[in-house]
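Trainee: One structure, as structure tokens, below. Some questions next.
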Amino acid sequence: MELRQIQYFVTVAEELHFGRAAERLHIGQPAVSQQVRRLERELGSRLFDRSGRTVTLTPVGHALLPEGRELLKARDSFAATAQRLITRSTAFRVGISSALGPRLDDFLDALPDRGTGTRFEFQTLDARTRLAEVGAGRLDAAFVRGLEHAPGLRLLGLWHDPLLVALPASHALAAHHRLNLADLAGLPLRIASRGENAVLFDTVVAACRAAGFEPTFGPPSTRFQDTLAEIGAGAAGWTLMYPTAANTVSSRRISLLPLIGDPVTIRMSLAVRENADPARLELLTTASARVRRKVAGEN
């Protein structure tokens, strides 16, 4: 007994006409008649009375019709569940920041050919939430900056971001092509608080101290675009930003300058679970290595 025989039986029972049933099933009428007769032989009983000008259900056919419908409903439910599981297994949920810029394209371009069929779902979240979501299994991976290790996670190195100085275009230092970090001593530093972005805060403060000065802090940065707008509007101060976000600065009142000597850099990694699917882990490891080589070739 085959499921298609059950499907043909139910369709004929609903139409009470072999021709219309064949049209619904998009097959020839002889095939429908053949499969229904085969089912009747296997059951040892007729399902339809074909003695008159019309087709009617026999008592056995009447009794089996609800059972046949339940079988087809179970088949459809099985197929729908399987499709959801397959879709979920091919969808890759990734946490990102808003400042990835073209580097996200570089990563996607670096995926091996066997990864091109993967459907990505991106969520823009703060760094702490990204890590928590990967650890909980609600994200498959996340782009994170500045971490060297994280419990239960593997960090695949991608690139190092050399930070750029953003300061008012009207400031005398803006006439330089490059800056020493020490040139900024005494100017208020506008940066997110340590509680908001510990990696950026600690990196910048450590770099200032290495350059021989203790930074003077202005009002803490909340939204980065607001901070840039305030600096461009004449508020004294400077900040550091990721080069991948440079194309978001369109104001002529802001100057972006690189630093002389050793740049202030922050490492970007892809965080995945230690127990990640081996095939996916291999895919991401290969892509990460390709991105590292590409970025190294640009520098």
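FYI, it's all coordinate maths here, none of it is from the lab. These figures come from a predicted structure and were not determined experimentally. As a convention, Cβ positions derive from the backbone with ideal geometry for all residues, glycine included, and neighbour counts pool all protein chains shown.
Trainee: Under 5 Å between amide hydrogens, which residues at least 5 positions from Leu153 or on another chain qualify, with H placed 1.01 Å from N in the peptide plane?
Mentor: Excluding prolines and chain starts, which carry no amide H, the hits are Glu274.
Trainee: Among (i) 0.98; (ii) 0.95; (iii) 1.33, find the value of Rg/Rh (Cα atoms, Kirkwood Rh) that was calculated from the structure presented, and write down its label.
Mentor: Here the calculated entry is (iii).
Trainee: Of the listed peptides 154-160, 19-25, what is their order by residue-averaged count of other C-beta atoms within 10 Å, with the highest listed first? Walk me through the intermediate numbers first.
Mentor: Numbers: 154-160: 18.3, 19-25: 16.4.
Per-residue mean Cβ counts within 10 Å order the peptides as 154-160, 19-25.
Trainee: Something else now. So what is the calculated 222 nm ellipticity per residue for the chain, using -39500 (n - 2.57) for each DSSP H run with n of 4 or more, over all residues, to the nearest 500 deg cm²/dmol?
Mentor: Value at 222 nm, helices only, nearest 500: -14000 deg cm²/dmol.
Trainee: Sticking with this one: Give me the extension gain from Glu148 to Ser51: residue separation times 0.36 nm, minus the current Cα-Cα distance, reported in nm with one decimal.
Mentor: On the way: separation 97, 0.36 × 97 = 34.92 nm, distance 8.13 nm.
Gain on stretching Glu148 to Ser51: 26.8 nm.
Trainee: Expressed in nm to one decimal, what extension gain is obtained for the pair Arg209 and His176 from 0.36 nm per residue of sequence separation less their Cα-Cα distance? Mind showing how you got there, number by number?
Mentor: Numbers: separation 33, 0.36 × 33 = 11.88 nm, distance 2.22 nm.
Full extension from Arg209 to His176 adds 9.7 nm.
Trainee: To continue, here is another question. So for the range 189-299, taking the charge dipole from beta-carbon charges (+1 Lys/Arg, -1 Asp/Glu), which of Leu257, Cys208, Ala192 sits furthest toward the positive end?
Mentor: So the residue furthest toward the plus end is Leu257.
Trainee: A follow-up question, please. For a quick check: with amide H placed at 1.01 Å from N, whose amide H comes under 5 Å from Asn180's, ignoring anything fewer than 5 positions away on the same chain?
Mentor: Amide H neighbours of Asn180: Ile260.
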